[in-house]
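Data first, discussion second: the structure below is written as C-alpha cells.
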Amino acid sequence: MEATEHEKLIIIGGGPAGMTAALYAARAELQPVVFTGMTLYGQVSQTDLIENYPGFPEGITGMELGERLERQAARFGARIFIEPVESIDLQQKPFLVKTYAKSYEAETLILAMGADNKKLGVPGEAEFTGRGVSYCATCDGFFYRGKYIHVVGGGDSAIEEALFLTRFANSVTIIHRRDALRAQPLLEKRARSNPKIRFLWDTVVEEIKGQERVHSLSLRNLKTDQRFDVPTDGVFISIGHVPNTALIANQVELDDKGYVRIDWMMRTSVPGVFAAGEIADPHYRQIITSAAMGAAAALEADCYLNEPDL
Ligand code: NAP
C-alpha cells in the first residue's frame with residue numbers, strides 16, 4: 001500500500017448529500033476528497049424522473065442530476081474518486097480511511113454512505129436476484145416489455161416503481177401487506193387510475209419460486225390466512241431501506257433503527273465526524289433534504305477545522 005495522504009476533509013458517499021457537501025467544502029477551499037463507492041450518485045441514479053427537486057419544473061433524470069452535482073463540485077476543486085472505502089478507523093486522530101489502493105488521514109469526515117434496499121428475506125429472493133427479482137425498475141424495467149409483473153410495497157417508492165413499470169409491462173400488480181397505502185395521495189391517485197395496475201391487499205410474499213427464472217410467487221392473505229400461488233414474470237421489491245453503516249458500526253452512535261445519530265449541526269457522537277443524507281435520516285429521505293444536510297455538514301466541518309474545541 002502507498003504512503004498515507006493527509007487530507008482536511010474526506011467525504012464518503014457520492015449521492016446528493018456527499019456531492020453537495022463536496023461543493024460547499026470545495027468552495028470553502030478545503031480541497032475535499034470524495035469516495036463514491038461503485039453505485040455512482042447513489043440511489044438517485046436508480047430514479048427515472050425526479051419531479052420534486054426545486055429548480056427543474058419539467059423534472060430531471062436521476063443520472064443527469066447526479067452528473068450535474070458532480071460537475072459542480074469538481075468545478076470548485078473537489079477530488080472525486082469512484083473507489084469504495086474498505087475501512088475507517090475513528091479511534092485515532094487524524095482519522096484513518098483506507099481504500100484498496102491507498103491509505104488516508106483525515107482531520108474531518110462526512111459520512112454520506114446512504115442506504116440500501118431492504119430485503120424481504122424470503123426463500124428464492126437471493127437465488128433469483130437478477131433473474132426475475134429486482135430492486136430497481138429504472139435499471140431493469142426495460143426487460144419486462146409485454147410481461148406480467150408484481151411490485152411489493154405500499155410506500156412512495158413502490159408506487160413510483162409500479163407506475164414506471166407500466167410503460168413496459170402488460171400488467172403490474174402491487175402486493176401490499178395492509179389495506180391502505182403509505183404512499184402520498186398524488187401517487188396513489190395516479191396508480192389507482194392506471195388501467196394496468198392492480199392491487200393485492202393484506203398480502204405478503206412467502207416464497208419466490210422458479211427454475212432458470214422466477215415463474216411464480218407464494219402468497220398469504222394476512223386477514224384470511226389463505227395461501228395461494230400466482231404466476232409472474234418478475235417481482236420488484238420496494239419495501240424501504242437500511243442505512244449503510246457497516247464501515248462505522250461500533251464506532252459512532254446509532255439510533256434504535258440503526259441510523260447514525262446526529263444533532264442539528266450534523267455532528268455524530270465522534271467530534272470531527274459529521275453525517276448527512278439517508279445514513280442519518282430515517283424520516284424525510286428526500287433528495288432536497290439530503291443535499292441540505294450535505295451543505296450543513298460541510299459548513300460545520302469547516303467550522304470544526306477552524307475551531308475544533310467549540
Ligand atoms: P417506506 O415509506 O418506508 O415504505 C415501505 C413500504 O414497504 C411500506 O408500505 C411498508 O408497509 C412496506 N414494507 C416494509 N417492510 C416490509 C416487509 N418486510 N414486507 C412487506 N412490506 C414491507 O419506503 P419508501 O417507499 O422507499 O420511501 C422511503 C422514503 O422516501 C419516504 O419518506 C418517502 O416519502 C420517500 N420517497 C419519496 C418520493 C417522492 O417524493 N417522489 C419517492 C420515493 C421515496 P407498511 O406501509 O405496512 O409499513
Enter the accessible area of ASP309 (Å², nearest 10), with the probe set to 1.4 Å and all protein chains included.
-> 150
How large is ³J(HN,Hα) for each residue in segment 7-19, as worked out from phi by the Karplus curve 6.51 cos²θ - 1.76 cosθ + 1.60 (θ = phi - 60°), to whole Hz, x for Gly and Pro?
-> 10, 6, 9, 10, 10, 10, x, x, x, x, 5, x, 5
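Carbon and sulfur atoms: what percent of the 1.4 Å accessible area of the chain do they account for?
Working: 7660 of 15410 Å².
Using a 1.4 Å probe with all protein chains present, the chain comes out at 50 percent carbon and sulfur.
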So which cysteines of the chain have no other cysteine's Cβ under 4.7 Å from theirs?
-> CYS303
Residues with amide H under 5 Å of GLU83's amide H, sequence separation 5 or more or different chain, H placed in the peptide plane at 1.01 Å from N; which?
-> THR36, GLY37
Heavy-atom accessible area ranking, 1.4 Å probe, most first, across GLU86, GLU206 = GLU86, GLU206
The set of residues whose placed amide H lies less than 5 Å from the amide H of THR61, leaving out same-chain residues fewer than 5 positions away, is ILE50
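Could you please put ARG227, ARG261 in sequence from largest to smallest accessible area, using a 1.4 Å probe?
Values: ARG227 145, ARG261 115 Å².
In descending accessible area the options line up as ARG227, ARG261.
What size of dipole, in debye to the nearest 20, comes out for segment 150-238 about its Cα centre when the only charges are +1 on Lys and Arg C-beta atoms and -1 on Asp and Glu C-beta atoms?
Details: 14 positive and 12 negative charges, 58 e Å.
It comes to approximately 280 debye.
What do you reckon, how do VAL85, VAL34 stack up by accessible area (1.4 Å probe), largest on top?
Details: VAL85 20, VAL34 0 Å².
Solvent-accessible surface, decreasing: VAL85, VAL34.
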Whose amide H sits under 5 Å from the amide H of VAL152, counting only residues 5 or more places off or on another chain, with H placed in the peptide plane?
-> ILE175, PHE236, ILE237, SER238
How large is ³J(HN,Hα), in whole Hz, for each residue of segment 120-128 in order, when computed from phi with the Karplus curve 6.51 cos²θ - 1.76 cosθ + 1.60 and θ = phi - 60°, using x for Gly and Pro?
-> 6, x, 10, x, x, 5, 5, 4, 9
Write down the accessible area per residue of the chain in Å², having rolled a 1.4 Å probe over the full set of protein chains.
-> 50
Under 18 Å from the Cα of LYS98 - lysines, other chains or at least 8 residues apart | LYS8
Taking the Cα centre of each part, how many Å lie between segment 130-186 and segment 246-294?
-> 29
Which whole-Hz ³J(HN,Hα) couplings does segment 171-183 yield from phi under the Karplus relation 6.51 cos²θ - 1.76 cosθ + 1.60, θ = phi - 60°, glycine and proline marked x?
-> 8, 10, 10, 8, 9, 10, 7, 10, 10, 9, 7, 8, 4
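Nearest 500 deg cm²/dmol is fine: what mean residue ellipticity at 222 nm does the chain get from its DSSP H runs of n ≥ 4 alone, each adding -39,500 (n - 2.57), divided by its residue count? Spell out each step's value before the answer.
Working: 6 runs with 68 residues, N = 310.
Helix contribution divided over all residues of the chain: -6500 deg cm²/dmol.
The values are calculated or read from the model by the stated rules, or taken from the named source; none is laboratory data. Just so we're clear, the structure is a prediction, and the values are computed from it rather than from any experiment. Neighbour counts are summed over all protein chains in view; Cβ atoms, including those assigned to glycine, are modelled from backbone coordinates with ideal geometry. With ligands, DNA and RNA removed, areas are computed over all heavy atoms of the protein, side chains included. Shrake-Rupley method; radii C 1.70, N 1.55, O 1.52, S 1.80 Å.
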